[in-house]
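Please treat every number below as a calculation from the coordinates, not as lab data. All values derive from a computational prediction rather than experimental measurement. Cβ sites come from the backbone with ideal geometry, for glycine too, and all protein chains shown count toward neighbours.
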Amino acid sequence: MKRILIFLSFALFFACKEQPKETAETAVDNTTEELQKPANTFGIVIHGGAGTILKENMTPEKEAAYKSKLEEAIKVGHTILKNGGTSLEAVEKTINVLEDSPLFNAGKGAVFTNEGTNELDASIMDGSNLNAGAVAGVKTVKNPINLAREVMLNSPHVMLSGKGAAQFATERGLEIVDPKYFHTENRMKALQKVKKAPDHPDAKSATSFYDPIIKDSKFGTVGCAALDKNGNLAAGTSTGGMTNKKWNRIGDSPIIGAGTYANNATCAVSSTGWGEYFIRGMVAYDISAMMEYKGISLKEATAEVIQKKLTALGGTGGIVAIDHQGNVSMEFNTAGMYRATMNADGELKVGIYKAP
């Protein structure tokens, strides 16, 4: 009996000795994991379109209006992130501000098709699970980005278009407006100018560079990319497409991987520019892929894709992006891009023209 008691005492002693060692190892592992997270780091970046945006073509009043709206929009998203909201919510609400402004080619300010109607596209993506939603050719949904999110969260699909998208919007209780809501005089004037110059080499596809109004209406897409405090990335894009577009043309904005992409392992991207080239180059995804497979930084990837690959194809435009560590890129190969960014410290940067 005495031997049994001695044996049990030794067993209990060594069991107690081992326990702290396991706890210490677990603590080290947890500390390492926490250090790898972005620990309260967050940020947001937006664009309002890229193109031949020159200071000499801009009145002081118009420049001030653009900067004011960009600042208003990004502060909405930044406040959401600062208060612990999700990157998805920040992207959606930020884009809503831009969609509700006639300054940009999205929502209220959407350009006209050849038939004198407005056909809007949008997409959104969740970097935490690669879930995504998109809509194309909608005519009565006030905020297409909201519908894109509904498609992502409440349907088994990724993309809906036309009448089906409108029906789904009604079923989900989204705000429906009369098509006249999207009518703005400057966009109608842009359409009329294109139609009055049918022999111009660029007029048929509405890529005319002889008039700033027409030119900017092509590149006025809006978009947002954000990182929240939980380390989740999201991106979204919304547009009215191309002035004078025909045959229900759809550009890159609703195409996941071209106009929008987000992946927590790399970055979140929103594109703006000549959509056909962004689709051919799968620009948004290509940036993420280069980071993932080549192990390069966001800055290096965006410069490679926009300044080299896209340019070599003949495409023009730009992107805004943020990576999983909060680094931001606003890369474009045009004369200007409406853009803004805010970080976790509340530092705000707003720009329109290319830096000298």
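Among 87-100, 68-81, 165-178, what's the highest-first ranking by average C-beta atoms within 10 angstrom per residue?
Output ranking for 87-100, 68-81, 165-178: 87-100, 68-81, 165-178.
Can you pick out the pairs among Lys195/Lys309; Lys62/Lys309; Lys67/Lys142; Lys196/Lys309 whose Cα atoms lie more than 27 Å from each other?
Numbers: Lys195/Lys309 32 Å; Lys62/Lys309 33 Å; Lys67/Lys142 23 Å; Lys196/Lys309 35 Å.
Over 27 Å Cα-Cα: Lys195/Lys309; Lys62/Lys309; Lys196/Lys309.
Can you order the peptides 253-259, 188-194 by their average number of other Cβ atoms within 10 Å per residue, highest first?
253-259, 188-194
Could you check the simple spin-label distance between Arg280 and Thr311, using points 7 Å along Cα→Cβ, in nm with one decimal?
1.7 nm
In whole Å, what is the distance between the alpha-carbon centres of segment 113-137 and segment 57-105?
Using only Cα atoms, the two centres lie 18 Å from each other.
Place the peptides 57-66, 120-129 in order of packing, highest mean first, counting for every residue the other Cβ atoms within 10 Å and averaging per peptide.
By packing density, highest mean first, the sequence is 120-129, 57-66.
Would you mind checking which residues have amide H under 5 Å from Phe42's amide H? H placed 1.01 Å from N; only 5 or more apart, or other chain.
The answer is Ala344.
Can you compute the label reach from Ser297? Point 7 Å from Cα along the Cβ direction, backbone N cut-off under 18 Å, restricted to segment 315-330.
320-330
Assign one of three labels to segment 78-144, namely rounded, prolate or oblate, based on the Cα gyration tensor with a ≥ b ≥ c the square roots of its eigenvalues; rounded applies when a/c is under 1.5, prolate when it is not and a/b is larger than b/c, and oblate otherwise. Don't skip to the answer; put the middle values down first.
Working: a/c = 3.82, a/b = 1.73, b/c = 2.21.
Oblate, because a/c is 1.5 or more while a/b does not exceed b/c.
All other residues with a Cβ under 11 Å from the Cβ of Ala265 taken together, and with Lys, Arg as +1 and Asp, Glu as -1, what is their net charge?
Values: positive: none; negative: Glu292, Asp323.
Residues near Ala265 contribute -2 overall.
Using the Cα gyration tensor of segment 270-356, with a ≥ b ≥ c the square roots of its eigenvalues, what is the shape: rounded (a/c below 1.5), prolate (a/b larger than b/c) or oblate (neither)?
oblate
How long is the gain from Leu130 to Glu115 if the chain were fully straight, where each residue apart is worth 0.36 nm and the alpha carbon distance is subtracted? Each step should come with its number before you reach the end.
Values: separation 15, 0.36 × 15 = 5.40 nm, distance 3.62 nm.
Net length gain for the segment: 1.8 nm.
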